[in-house]
Each structure stands twice: as C-alpha cells, then as structure tokens.
1. Restricting the search to the range A:27-73, which residues are of a type in the set (A, V, I, L, M), touching a residue at least 60 places away in the same chain (Cβ under 8 Å) and either more than 7 Å from chain B (Cβ to nearest Cβ) or out of contact with any helix residue (DSSP H, G or I) (no Cβ under 7 Å at 6 or more places or on another chain) (or both)?
2. Filter the range B:380-398 down to the residues that are away from every other protein chain (no Cβ under 11 Å), in contact with a strand residue (DSSP E or B) (Cβ under 8 Å, 6 or more places away or on another chain) and within 23 Å of B:Phe155 (Cβ to Cβ) and list them by number.
3. When you check A:Arg148 against the structure, is it in contact (Cβ under 8 Å) with a residue 40 or more places away in the chain, charged (D, E, K, R) and either more than 7 Å from chain B (Cβ to nearest Cβ) or touching a Phe, Trp or Tyr at 6+ places or on another chain (Cβ under 8 Å) (or both), yes or no?
4. Could you list all residues from the range A:151-161 that are in contact with a helix residue (DSSP H, G or I) (Cβ under 7 Å, 6 or more places away or on another chain), at the interface with chain B (Cβ under 7 Å from one of its Cβ atoms) and in a helix (DSSP H, G or I)?
5. Which members of the range A:172-182 meet the condition of being at pLDDT 80 or above and within 7 Å of chain B (Cβ to nearest Cβ)?
6. Report those strands (runs of 3 or more DSSP E) wholly inside the range B:290-382 carrying at least 1 residues which are closer than 22 Å to B:Val398 by Cβ and among the small types (Gly, Ala, Ser).
7. Going through the range A:137-161 one residue at a time, which ones are in contact with a Pro (Cβ under 8 Å, 6 or more places away or on another chain) and not small (Gly, Ala, Ser)?
Amino acid sequence: MTGQPSSELSISKGVQQTTETLPTGQEAWQRVSALYQTHALALKKLAFLMTGDQPTAEDVVQDAFLGLCRRWPSLHETDSALGYLRISVLNGCRSVHRVRFRRRGITLDAPAESASAEDIAILGDANREVLVAIRRLPARQREAVVLRYYLDMSEAQAAQAMGVSRGTVKSATSRGIAALARMLEETK
Amino acid sequence: MSTEEPMSIEDRVRTATRAGATLVRDIGPMAAGPEKVRFRRRPAPAARRWGSWGIPLVAAAAVALVAVSLVAVRGAHSGAPASHPAVTTTPTTVPRYYAAIDASAVAYSGVGPLITGDDALIVGDDATGRAIATVKPPPGLHFDSVQGASDDRTFVALANPQGLSLAGSPGPGPETLYLLRIAPGTSHPYHLAKLPIKVQGNSSEVVAYALSPDDRELAVEWENIIGGEINRLAIYSVPSGAELRAWTTNKYFQGGGFQQTLSWLPGGRQLAFSNIPPGSRGGPQDQLRTIDVTGPGTNLVAASHVVLTVTNQISSPSSCWTMALTPDGGTVICATQYGLAGGAGTNAGCANGGLKFTAYSARTGKPVRVLYQYRGACSNGLAAVLWAGSSARDIIGVTETDFIGGTSIASAGQVGVITDGHLRPLKLPKSVSPEQFLSVAF
C-alpha cells in the first residue's frame, strides 16, 4: 500500500536514538543520510500534498535535509532531528505558497497541474477535486487537515508538528473541513 | 437505487490524500554532500562571553534567583500563593492580565525553513497592550496550552516535549504542568514552577484543566486519542501531586474543544464541564454538567448533574460549539459555530445571527438574551468564551471566521470584552495570531 502513510513514516530502529549525543562532521552527515534514506520519500509525499508539485516538493525536502545538516551539532537527539525535518518541510511549503502568491497574484496554483495524464487518470476526478480544494485552504487549515487525515495524527501530535496549540488544531481542522465541504459542493 | 452512504468529507480527504501520495514514487539522492555543508557551531557558553568580570555578577544573581525561587517553590508546594491570598469569591471584574502562546515562531512572515519550538508564553496587560514578560518553556519542552486562575495573577500551562517523531507514535509524549505566577511591576515579573502532577496517559491526552479557586487543587480532563471520548476527570493536589478523586466514562465527547470548557465554581466544591452525549435523539446535543467533587461515585456521567441541554438542529448551519457556566452558577453561555457542521453556511446567514453568544438561565433552561452577535460576512466561523463574569454581564469572547470568495479564503479573528451587545477588542500582541486565540488565557 504505497499510499498508506503510517508504514512509510515509521522510524527505523537503525536511526532512532533518543539519548545518545550525536557526533559532528562526517559521521553526522552519514547519520543525516540514513535519515534521508528512511524518511525523505514520505516527507516528499507530505510536501507534494501541500504544494501540488513534485519538483517543488523535492526541493522543499532537500532544503530541509540541508538545513538539518547545518544544524546537526546543535541537535541533541535523533527525535529532535525528525521533528526538525517535518517542521522544516511544513515551513518550506508555506514559503512556497507565499512566493507563488506574491509572484502570480493568485491564491494557489491549480493543483496537480504538473501531473501527467496517467497520474490524473490514476487519481480520478473525485480525488482530484478534493486535492484541488485542499490546496486552496489557508496554510494552517491545510496543514491541520493533512496531518490529521493523511498522517492520522492525534490533535496533540498535529499541534506539535505545526507548532501551535491543540485548540488551534481543533479549530483549524473544523474550519478546513467546513471550507472543503463548501468548495466541493460548489464544484458539483 | 444505491443504498450506499455518501462518504464524509473526512473520509474523502483520507482517500484523496492517500491516492495523491501514490503519485510520488521516488526521490533523488540527497543533494547535500559533506563537502557542501558548513556546520553551525553551538554558541559559546554565556559565562565566557561575559568575561571574567561578569562571573561574580552572574553568581550573585544566581544566588538571588535561587533564593527567590525557593520562596516561590515553597509557596507552590504549600499550595498557597507566595504573595497572593487564595481567592474564593466570585470574580466580578474583567481580568487585566493574560498569558498567550507566542505564535511568531511559525508566523508566515519569514522565508525558508525555520525551526520552531520556543512557543514561549507572552504575559501582558490587555488594557494597555504592554507586554510584562516572555516566559520561555523549560529546555526540551514547548508550551501547548494555558489556562488562567481566578486571581488574575496565576496561570497553569501544559508543556509537551519537542522533537515529535515522524511516525504517529502510540501517544503524545509525557505532558508536564507548570504553575505560572506573575507579579507585574516588580523586578521578578513571573515565576514558573513545575507541578508534581503526573498526567501521562497511555492512550489518552489532556484536553482541559482548571485550577481551583484556592489554588490547592487542579482538575484535569482527558479524552481518548482515538475516538475522542472523554474518558477521565481527576482532581490532584497541587502541593503533593497526589490524585484526590477520579471519575471515568467512555461514551461522552467533550463539548467545544479546549481548556476553557472545564471550570470551577467559587467555593471549590463544584466543577462545570461541557459534553456531547452519544446518540442524542433529535439531533446532536450539547450539555453543560456540574459535578460535586465531594460527592460519591466514580462514574462521571452518573455522578454529575445536567445543568442545561441544548439540542441543535441537524439541518441548521448554526449550533452551540462551546458552553460555559458563569461563576455564580446562574447562567450558561452558548457560543456558536456557523457553517462547520450541519447545513452549509452562507455569508448572509453568518452575518445575521449565525455566530453569536447566547445566555441561558441555568434555572429554567431558557434563553435569556443574546450577549453578542457577529455582524460581518463569513462563510464559516466559531465563537468561544475565554472568561465569564457573574451573570455574564461581562465576558471575554473570541470569534474566528473564514470568508470564501472564489478560489481564496480570508481568515479573521477577534478577541474582546463583550458587554451590552458590543465587543471591545483587547490589546494583544501581533505574535498572537488570530488563529491562536484559543491559546489565550485570562
């Protein structure tokens, strides 16, 4: 099940270290590379759902890992590194949306515009409409909806990933779902 | 004729996002090689940068800080405020001080990946807009939520560990509660002390907590991580951390969704909480209940008493989102949501009574008056009570709204004192974004 996020985002035991102080230099780069092998694809999927564009999603993920390399000496635990990566990806996606908005004067790209005809066929109209609507949501609502319903995170987990409170996740999710319902109703 | 139930929006999102993710099949090699990476070094310890002359000064300050901390911690452990007497009377004046989670670390103003995590608490004066202190979370933690006490000087904050794992872990990390006491206008404007209460649950998370009027007990409410039902309400001793009472259930959902739904009544014998009963007839119901913390029983539903039940019409786009009991126990305030559930909202409907605060008599269960009605256009929105005075003469309320126009959605929010049908905005810092208003406590 390539679309199932939970298995792909699971932490491999080989890189999970919660107490050991991490080294710097070459060995640190190797550790980051190991994290990349394990988590980069799943993070790219998350970024793709946020941005709707695969090259952009990959750029965001690459930037996140580059940032992780640079900050590695200041991170004490691998869990911190993983948290940093996801926050970096979310922030990177927000930046992408900001830049697009400024440059083009529109809210967002038409979603899946970079998708091939084959991809569009695989998605189906119903799913494509939902993805279009998700990308029209304000950033925080989009993040809350994707983290809650794609990654199946609890409110507390989504709050940590987004850097906001649980109440904010609850309200952003509710409002995001309501906005989606309205937009999908209008497209009928 | 198909008999299949239409998919919910949530299920459509799950299906579509999983299908969308399958389009991403690979990723290139990591772009950053070790030769390209310039590692950032940790800053030198502060003492070195201060120079040798600064060390005695730092030491003296540390001694003073330890002395102050000991006094304050002793106060916390004894269960009584260090400098403020316990308050058991009904609050009548609008609180002057607030604590809010600083959202600036994730505000959409910077460019490029940022690491968040401070999530400091900003303490300030809502009358003047002046910030009093910025309270950093303890190392390795971030503040998740905050709740005010009745003396306008004390807050309780919930902190979680940073560094969430990429996977959905079995449950959130250990949660820690802190007592924050503020002393505006003094050289030590705040003191933060860890409470000795262990609140970690295996499959549940803290959704609400409230400090008793005398500051000696803390009520904590949990709900299941999966399913979302309230499963436990417990009372802890603030000085010792010992669990004093606990009630359980597994059928009721929390009304609204944030910490202000749980509150103490003056005297410290009654707790009020809102809930949504399962399978309520006639449409989803919201209830406001009270429980006598000295009474018998451990079943939360059986031991508590229904003060008010509001039945929301399924087809109506407007319904109660949060319910709050005023400190005198005489009035229940229903703050609505609009267009988030039930029928689809319209801009006109939202501006014409869809989003409002209504006072109900706790004695008769009848609506008494509309405290405030949002008049702006919005496609959907929600309202919540952050603080209530006696008989709801004054309340602090928040509204969060979205306006959907074409392909764009504009979000807005306001928080203010509601009196006689008017909302007077409070002065809060810009770093408390409109969508963070539920993280403000008074």
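1. As a first pass, look at the range A:27-73 and keep what is of a type in the set (A, V, I, L, M): A:28, A:32, A:34-35, A:40-43, A:46-47, A:49-50, A:57, A:60-61, A:64, A:66, A:68.
Narrowing the set further to residues that are touching a residue at least 60 places away in the same chain (Cβ under 8 Å) leaves A:46, A:49-50.
Hits for the range A:27-73 are A:Leu46, A:Met50.
2. So in the range B:380-398, the residues away from every other protein chain (no Cβ under 11 Å) come out as B:385, B:387-397.
Adding the requirement that they be in contact with a strand residue (DSSP E or B) (Cβ under 8 Å, 6 or more places away or on another chain) leaves B:385, B:387-389, B:391-397.
Those that are away from every other protein chain (no Cβ under 11 Å), in contact with a strand residue (DSSP E or B) (Cβ under 8 Å, 6 or more places away or on another chain) and within 23 Å of B:Phe155 (Cβ to Cβ): B:Val385, B:Trp387, B:Ala388, B:Gly389, B:Ala392, B:Asp394, B:Ile395, B:Ile396, B:Gly397.
3. Details: in contact (Cβ under 8 Å) with a residue 40 or more places away in the chain: no; charged (D, E, K, R): yes; either more than 7 Å from chain B (Cβ to nearest Cβ) or touching a Phe, Trp or Tyr at 6+ places or on another chain (Cβ under 8 Å) (or both): yes.
No: the conditions fail for A:Arg148.
4. Initially, the range A:151-161 is screened for residues in contact with a helix residue (DSSP H, G or I) (Cβ under 7 Å, 6 or more places away or on another chain), giving A:151-153, A:155-156, A:158-159, A:161.
Subset that is at the interface with chain B (Cβ under 7 Å from one of its Cβ atoms): A:151-153, A:156, A:159, A:161.
Selection gives A:Ala156, A:Ala159, A:Ala161.
5. Within the range A:172-182, the subset at pLDDT 80 or above is A:172-181.
Once the filter is applied, which keeps residues that are at pLDDT 80 or above and within 7 Å of chain B (Cβ to nearest Cβ), the range A:172-182 yields A:Ala172, A:Ser174, A:Arg175, A:Ile177, A:Ala178, A:Ala179, A:Leu180, A:Ala181.
6. On the way: elements: B:304-311, B:318-325, B:331-338, B:356-361, B:367-373.
It comes to B:318-325, B:331-338, B:356-361.
7. Taking the range A:137-161 as the starting set, the residues that turn out to be in contact with a Pro (Cβ under 8 Å, 6 or more places away or on another chain) are A:150-152, A:154, A:156-157, A:160.
Selection gives A:Tyr150, A:Leu151, A:Asp152, A:Gln157, A:Gln160.
Table: residues versus (1) at pLDDT 70 or above; (2) surrounded by fewer than 24 Cβ atoms within 10 Å (Cβ to Cβ); (3) more than 7 Å from chain B (Cβ to nearest Cβ).
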| site | (1), (2), (3) |
| --- | --- |
| A:Ile87 | yes, no, no |
| A:Glu113 | no, yes, yes |
| A:Asp125 | yes, yes, yes |
| A:Arg128 | yes, yes, yes |
| A:Arg136 | yes, yes, no |
| A:Ala139 | yes, yes, no |
| A:Gly167 | yes, no, no |
| A:Lys170 | yes, yes, no |
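The values are calculated or read from the model by the stated rules, or taken from the named source; none is laboratory data. Predicted model, so just to flag it, every value in this text is computed and none were measured. No Cβ is skipped: glycine too gets one built from the backbone with ideal geometry, and neighbour counts run over all protein chains shown.
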